[in-house]
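Below is one structure; the comments refer to it alone.
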């Protein structure tokens, strides 16, 4: 009777290194896309939040014509947001997608109120995005 030899071949060190490099490359690509998606989501949340704050303050000043129309104090903004039916969580409402407070300035121009809402992180995101689009 003839014996059949079965050869077992082990994985070499070079094969393992190649597999690890492939896994690292794929992981890096996924991480970059994930981070980009997170920043896009934060930017969208911030843009929508700024519009909602402007709407909330416009409604507040329209409903309360005798109110102080030059609001710059965060505590006063928090009080206005907590009274609004548009707002569920006032503290989160007054923060951008990155978790920092919006910069909100309301100035009485006599016949109307000028409302400016901005976010430093959002402006920084737009600059970075603009810079990347020009380099491509």
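Please enumerate the residues belonging to the stretch 83-93 that are under 21 Å from the mean Cα position of the chain (by Cα) and part of a helix (DSSP H, G or I). Steps first, answer last, please.
So in the stretch 83-93, the residues under 21 Å from the mean Cα position of the chain (by Cα) come out as 86-93.
Correct list: 90, 91, 92, 93.
Modelled with pLDDT under 85 and within 16 Å of residue 105 (Cβ to Cβ), is that true of residue 67? Steps first, please.
Details: modelled with pLDDT under 85: yes; within 16 Å of residue 105 (Cβ to Cβ): yes.
When the stated conditions are applied, residue 67 passes them.
How many residues does the stretch 96-108 hold that are closer than 19 Å to residue 76 by Cβ and out of contact with any helix residue (DSSP H, G or I) (no Cβ under 8 Å at 6 or more places or on another chain)?
The total comes to 3.
Identify, by number, the condition in (1) at pLDDT 80 or above; (2) outside any helix (DSSP H, G or I); (3) surrounded by fewer than 13 Cβ atoms within 10 Å (Cβ to Cβ) that residue 111 doesn't meet.
Of the numbered conditions (1) at pLDDT 80 or above; (2) outside any helix (DSSP H, G or I); (3) surrounded by fewer than 13 Cβ atoms within 10 Å (Cβ to Cβ), the odd one out for residue 111 is (1).
Filtering the stretch 55-77 down to residues that are loosely packed, with under 10 Cβ neighbours inside 10 Å and part of a helix (DSSP H, G or I), which residue is nearest to the chain's Cα centre (by Cα)?
Within the stretch 55-77, the subset loosely packed, with under 10 Cβ neighbours inside 10 Å is 62, 65-66, 75.
Add one more test, that the residue is part of a helix (DSSP H, G or I), and what stays is 62, 75.
Working: 62: 30, 75: 23 Å.
Looking at residues that are loosely packed, with under 10 Cβ neighbours inside 10 Å and part of a helix (DSSP H, G or I), I get 75.
For the condition modelled with pLDDT under 90, more than 30 Å from residue 111 (Cα to Cα) and either exposed (fewer than 10 other Cβ atoms within 10 Å of the Cβ) or over 20 Å from the mean Cα position of the chain (by Cα) (or both), what is the one hit in 80, 6, 23?
On the way: 80 fails: more than 30 Å from residue 111 (Cα to Cα); 23 fails: modelled with pLDDT under 90.
The conditions single out 6.
Check residue 52 against each of (1) modelled with pLDDT under 85; (2) under 21 Å from the mean Cα position of the chain (by Cα) and name the one condition it does not meet.
Of (1) modelled with pLDDT under 85; (2) under 21 Å from the mean Cα position of the chain (by Cα), only one is false for residue 52: (1).
Tell me the residue from 113, 87 that is touching a strand residue (DSSP E or B) at 6+ places or on another chain (Cβ under 9 Å) and without any contact (Cβ under 8 Å) to a residue 60 or more places away in the chain, please. Spell out the reasoning first.
On the way: 87 fails: touching a strand residue (DSSP E or B) at 6+ places or on another chain (Cβ under 9 Å).
Sole residue among the options that is touching a strand residue (DSSP E or B) at 6+ places or on another chain (Cβ under 9 Å) and without any contact (Cβ under 8 Å) to a residue 60 or more places away in the chain: 113.
Take residue 46 and tell me if it is surrounded by 10 or more Cβ atoms within 10 Å (Cβ to Cβ), touching a helix residue (DSSP H, G or I) at 6+ places or on another chain (Cβ under 7 Å) and modelled with pLDDT of 90 or more. Can you show your working first?
On the way: surrounded by 10 or more Cβ atoms within 10 Å (Cβ to Cβ): yes; touching a helix residue (DSSP H, G or I) at 6+ places or on another chain (Cβ under 7 Å): yes; modelled with pLDDT of 90 or more: yes.
It is true that residue 46 is surrounded by 10 or more Cβ atoms within 10 Å (Cβ to Cβ), touching a helix residue (DSSP H, G or I) at 6+ places or on another chain (Cβ under 7 Å) and modelled with pLDDT of 90 or more.
Right, residue 128: under 16 Å from residue 51 (Cβ atoms) and either touching a residue at least 40 places away in the same chain (Cβ under 8 Å) or within 19 Å of the chain's Cα centre (by Cα) (or both) or not?
Values: under 16 Å from residue 51 (Cβ atoms): no; either touching a residue at least 40 places away in the same chain (Cβ under 8 Å) or within 19 Å of the chain's Cα centre (by Cα) (or both): yes.
In short, no.
Note down all Cβ pairs under 8 Å where the first residue falls in the stretch 19-43 and is at negative phi and touching a residue at least 12 places away in the same chain (Cβ under 8 Å), the second is surrounded by 10 or more Cβ atoms within 10 Å (Cβ to Cβ) and not in a helix (DSSP H, G or I), and they're at least six residues apart or on different chains.
If the second residue must be surrounded by 10 or more Cβ atoms within 10 Å (Cβ to Cβ) and not in a helix (DSSP H, G or I), the pairs left are 41/97; 42/96; 42/97; 42/98; 43/97.
The values are calculated or read from the model by the stated rules, or taken from the named source; none is laboratory data. This is a predicted model, so every value here is computed, not measured. Because the Cβ atoms are built from the backbone with ideal geometry, glycine has one as well, and the counts that use them run over all protein chains shown.
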